[in-house]
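Notes follow once the structure below has been shown.
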Amino acid sequence: MTKHLPWGTAVVVGGSYAGLVTARVLSDFFREVVVLERDAVDEDTGSHPGAPQGYHAHAMLAKGGEVLEKLFPGLREELRAAGAPVFDYGEGIDFLLPAGTAPRTRTGVEIQTFTRDELERRLRRRVLALPQVTPMAGASCTGLVRDGRGRVGGVTYRRGQGDEVRTAELAADLVVDASGRSSSLEGWLGELGVSVPAQRTVKAKVTYTSMNFDRPEEGHPDFFIAYQMLFAPRVARAGVLLAVEGGRWTCSLFGFEQQPPTDDAGYLEYAHGLENTKLAEQLARRTVQEPTYRYTNVDNRWRPYHLVKDWPDRLVAIGDSVCVFNPVYGQGLTVAAMEAEMLHAMLTRRQAGGRALDGAARDFQRRVGRLLLAPWTLSTNSDLMWNPRRQPAGARFGHWYNTRLFRVAVKDAAMWSRFVRVVNMTASPAVLFHPVVAAKVLAAALTHR
């Protein structure tokens, strides 16, 4: 059954979303894929216990949905059957931009909304059912092992509790760090004598407070998402309401340098303070709700592994272990899926050419660096505009351009559709600088001087 698989063992460090998607990719090429997971998870575990952001609203952009459907055929219908709606982005979202409400028009961009909990549970069940995958829960990776040729040849790990703790080595043909924002990879590389350039950090100073509550079966409103976006410096309070599986809404309220309350009365009052009234309207009619959670660790952080000159062979890093975005832009899940897809393409080329894995790791990290540039720029340029003392020229221009682009988009459905495709990563940001678009933006600038 697995004779056609060209390589022996791959180890994935971390069994959350990025680790699961990566394990699925590796199962097409390795006879065994060991998933090292420090927490006690099984096929019924949903959102990863070590991911506090898992309680909050998550967006799977259209591009990410496309990638997941390729890797997990039928996933969209499986989620739909559980009550996760599928809809056109332009038709199903009541989107309040800084310049007004976006057009409610068909864009051809389909998305689906669900909780991180439901998505991760269904991915985990599928991945753990793969014959090539060996889960190792309750195992903490403690370092990398280098072979006689200077390559990464496996990992060390610790497993057990109290007096039963034992340490061991696990040999591997490829090691993937998918351990998330708390990754220790930089330290492990240091132990091998590999230095990493300084981490890039852009503080967001945004707090999220979220809850799930009941969604009406009858008399459902004419939207699946209601959204008001943060926008420096004027819009410091915002929020999103997502229709999710199980007949529920997920609501996340955002605040720049302020914390949306967690008590029921304060939460509703905060929502009433938003200009998009749809969030407060649905919150006011809730009859059943789940616990309310707050999350504040939303800084953008990029470990520039693509710049490491002596990057070890047989080692790759993926997902939040490389780059963490401010979640308000909804890029993290999609970017991790795109990185996994890129890893699949790289391994496919190697397999087709009959080539070994040597030389692939450094090339992959460089490709990850190129992939991250656009979403990183989008996220950090927006967040930099909150700080009047640190506004690079590029961020100032991007903010100036977007402000005027929004003025056009609220009146121009074609312009809005372009923006939607870029936001969902199905089109290059370059389409927003097409001469036709730029002319309209400049005209808007002249009109509102």
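The values are calculated or read from the model by the stated rules, or taken from the named source; none is laboratory data. Only a predicted model underlies this, so the values are computations on that prediction, with no experimental measurement involved. Cβ: placed from backbone, ideal geometry, glycine included. Neighbour counts: every protein chain shown.
Please tell me if residue 5 is within 21 Å of the chain's Cα centre (by Cα) and in contact (Cβ under 8 Å) with a residue 12 or more places away in the chain.
no
Regarding residue 208, is this residue out of contact with any Ser or Thr (no Cβ under 7 Å at 6 or more places or on another chain), in contact (Cβ under 8 Å) with a residue 60 or more places away in the chain, among the aromatic types (Phe, Trp, Tyr) and buried (at least 16 other Cβ atoms within 10 Å of the Cβ)? Reasoning before the result, please.
On the way: out of contact with any Ser or Thr (no Cβ under 7 Å at 6 or more places or on another chain): no; in contact (Cβ under 8 Å) with a residue 60 or more places away in the chain: yes; among the aromatic types (Phe, Trp, Tyr): yes; buried (at least 16 other Cβ atoms within 10 Å of the Cβ): yes.
When the stated conditions are applied, residue 208 does not pass them.
For the structure I just gave you, tell me whether residue 307 is out of contact with any strand residue (DSSP E or B) (no Cβ under 6 Å at 6 or more places or on another chain), modelled with pLDDT of 95 or more and either in the same structural domain as residue 327 (by TED's automatic domain parsing) or of a type in the set (A, V, I, L, M, F, W, C) (or both).
On the way: out of contact with any strand residue (DSSP E or B) (no Cβ under 6 Å at 6 or more places or on another chain): yes; modelled with pLDDT of 95 or more: yes; either in the same structural domain as residue 327 (by TED's automatic domain parsing) or of a type in the set (A, V, I, L, M, F, W, C) (or both): yes.
For residue 307, the condition - out of contact with any strand residue (DSSP E or B) (no Cβ under 6 Å at 6 or more places or on another chain), modelled with pLDDT of 95 or more and either in the same structural domain as residue 327 (by TED's automatic domain parsing) or of a type in the set (A, V, I, L, M, F, W, C) (or both) - is met.
Being surrounded by fewer than 23 Cβ atoms within 10 Å (Cβ to Cβ), touching a Leu at 6+ places or on another chain (Cβ under 9 Å) and modelled with pLDDT of 95 or more narrows it down to one of 76, 104, 80, so name that one.
Details: 104 fails: touching a Leu at 6+ places or on another chain (Cβ under 9 Å); 80 fails: touching a Leu at 6+ places or on another chain (Cβ under 9 Å).
Just one listed residue meets the conditions, 76.
Right, residue 219: under 21 Å from residue 60 (Cβ atoms), not in a strand (DSSP E or B) and not basic (Lys, Arg) or not?
Numbers: under 21 Å from residue 60 (Cβ atoms): no; not in a strand (DSSP E or B): yes; not basic (Lys, Arg): yes.
Considered against the rule, which asks whether it is under 21 Å from residue 60 (Cβ atoms), not in a strand (DSSP E or B) and not basic (Lys, Arg), residue 219 comes out as no.
Between 269, 290, 275, 257, which is outside the structural domain of residue 184 (by TED's automatic domain parsing), over 24 Å from residue 94 (Cβ atoms) and of a type outside the set (Val, Ile, Thr)? If you could, list the steps in order and put the result at the bottom.
Details: 269 fails: over 24 Å from residue 94 (Cβ atoms); 290 fails: over 24 Å from residue 94 (Cβ atoms); 275 fails: over 24 Å from residue 94 (Cβ atoms).
257 is the lone residue from the list that is outside the structural domain of residue 184 (by TED's automatic domain parsing), over 24 Å from residue 94 (Cβ atoms) and of a type outside the set (Val, Ile, Thr).
Tell me, which helices (runs of 4 or more DSSP H) wholly within the stretch 48-139 include 2 or more residues that are touching a residue at least 60 places away in the same chain (Cβ under 8 Å)?
Working: elements: 62-71, 75-81, 89-92, 116-128.
So the answer is 62-71, 89-92, 116-128.
Applying the selection to the stretch 167-187, what residues are in contact (Cβ under 8 Å) with a residue 60 or more places away in the chain and not in a strand (DSSP E or B)? Step through it out loud before you land on a result.
First pass over the stretch 167-187, keeping only residues in contact (Cβ under 8 Å) with a residue 60 or more places away in the chain: 170-183, 185-186.
Result: 172, 173, 178, 179, 180, 181, 182, 183, 185, 186.
How many residues does the stretch 434-449 hold that are closer than 30 Å to residue 66 by Cα and either in contact (Cβ under 8 Å) with a residue 24 or more places away in the chain or over 33 Å from the mean Cα position of the chain (by Cα) (or both)?
So in the stretch 434-449, the residues closer than 30 Å to residue 66 by Cα come out as 434-438.
Cutting the leftovers down to either in contact (Cβ under 8 Å) with a residue 24 or more places away in the chain or over 33 Å from the mean Cα position of the chain (by Cα) (or both) gives us 437.
Selection size over the stretch 434-449: 1.
Based on this model, can you work out whether residue 420 counts as at pLDDT 95 or above and farther than 25 Å from residue 334 by Cβ? Even if it seems obvious, please write down each step before you answer.
Details: at pLDDT 95 or above: yes; farther than 25 Å from residue 334 by Cβ: no.
The answer is no for residue 420.
Considering only residues that are over 14 Å from the mean Cα position of the chain (by Cα), among the β-branched types (Val, Ile, Thr) and over 17 Å from residue 136 (Cβ atoms), which ones fall in the stretch 19-61?
Listed by number, the list holds a single entry, 25.
With the stretch 230-322 as the region, which strands (runs of 3 or more DSSP E) entirely inside it contain at least 3 residues that are crowded, with 20+ Cβ neighbours inside 10 Å? Step through it out loud before you land on a result.
Working: elements: 237-244, 248-256, 293-295, 300-302, 315-317.
Per the criteria, 237-244, 248-256, 315-317.
Taking the stretch 299-332 on its own, how many of its residues are among the hydroxyl-bearing types (Ser, Thr, Tyr) and under 19 Å from residue 13 (Cα atoms)? Can you show your working first?
As a first pass, look at the stretch 299-332 and keep what is among the hydroxyl-bearing types (Ser, Thr, Tyr): 305, 321, 329.
This time we only want the ones that are under 19 Å from residue 13 (Cα atoms), so: 305, 321.
Residues meeting the conditions: 2.
Please enumerate the residues belonging to the stretch 257-313 that are farther than 24 Å from residue 204 by Cβ and basic (Lys, Arg).
Residues satisfying the conditions are 278, 285, 286, 309.
If the requirement is being under 26 Å from the mean Cα position of the chain (by Cα), among the small types (Gly, Ala, Ser), modelled with pLDDT under 95 and within 30 Å of residue 311 (Cα to Cα), which of these qualifies: 395, 374?
Working: 395 fails: within 30 Å of residue 311 (Cα to Cα).
Every option except 374 fails the conditions.
Looking at 94, 28, which is the one that is modelled with pLDDT of 95 or more and under 30 Å from residue 415 (Cβ atoms)? Explain how you work it out, then say what you get.
On the way: 28 fails: under 30 Å from residue 415 (Cβ atoms).
None of the other options fit; the residue is 94.
Restricting the search to the stretch 15-72, which residues are more than 25 Å from residue 156 (Cβ to Cβ) and acidic (Asp, Glu)?
Listed by number, the residues that qualify are 28, 43, 44, 66, 69.
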